[in-house]
Amino acid sequence: MIKPTISELSKGKYNRYTLVIAAAKGAKMVTDEYVAQRECAEELIANKETDKPLFALIDKDCRDEKAVKVALMRLKNNEYIIKNAPELDGTIKEDKD
């Protein structure tokens, strides 16, 4: 079972559908982040600009954890924010603080 729970994430404001959509969009963002980091790391290794192994050049969260779990933790820690507006219902934005 993935933690945090639905009740911890919803905080009484969001229904399950909104949380599922937000988690899916967050997981997509995590996956895109992993792909970008991996491409950059492979380029560094191919150009012999580093002696580090591939796994050391990729963020540990993106590399070792499932994308959905990372997205849920980021939602819980308010790194991702769920915006509820009529035209943006259930969309997710990354907090750039």
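The values are calculated or read from the model by the stated rules, or taken from the named source; none is laboratory data. Because the structure is predicted, anything quoted here is derived from the model rather than measured. Cβ coordinates were reconstructed from backbone atoms using ideal geometry, including for glycine residues, and neighbour counts include every protein chain displayed.
Residue under question is I92, and the condition is that it be among the β-branched types (V, I, T), modelled with pLDDT under 85 and in a helix (DSSP H, G or I); does it hold?
no
Cβ-Cβ under 8 Å, sequence separation 6+ or interchain: first residue in region 3-22 and part of a helix (DSSP H, G or I), partner surrounded by 10 or more Cβ atoms within 10 Å (Cβ to Cβ) and among the aromatic types (F, W, Y). Which pairs?
Going by the 8 Å Cβ cut-off, the qualifying pairs are A22/Y14; A22/Y80.
Filter region 77-89 down to residues that are surrounded by fewer than 15 Cβ atoms within 10 Å (Cβ to Cβ) and assigned to a loop (DSSP other than H, G, I, E, B) and give me whichever is modelled with the highest pLDDT.
N77
Evaluate the following for R74: is it surrounded by 11 or more Cβ atoms within 10 Å (Cβ to Cβ), touching a Phe, Trp or Tyr at 6+ places or on another chain (Cβ under 8 Å), at negative phi and at pLDDT 80 or above?
yes
Hey, could you check region 10-40 for residues that are of a type in the set (S, T, Y) and either at pLDDT 90 or above or surrounded by 12 or more Cβ atoms within 10 Å (Cβ to Cβ) (or both) and say which is nearest to the chain's Cα centre (by Cα)?
T31
Those residues that are outside any loop (DSSP other than H, G, I, E, B), hydrophobic (A, V, I, L, M, F, W, C) and within 30 Å of I21 (Cβ to Cβ), I need them from region 45-76; list them, please.
The answer is C62, A67, V68, V70, A71, L72, M73, L75.
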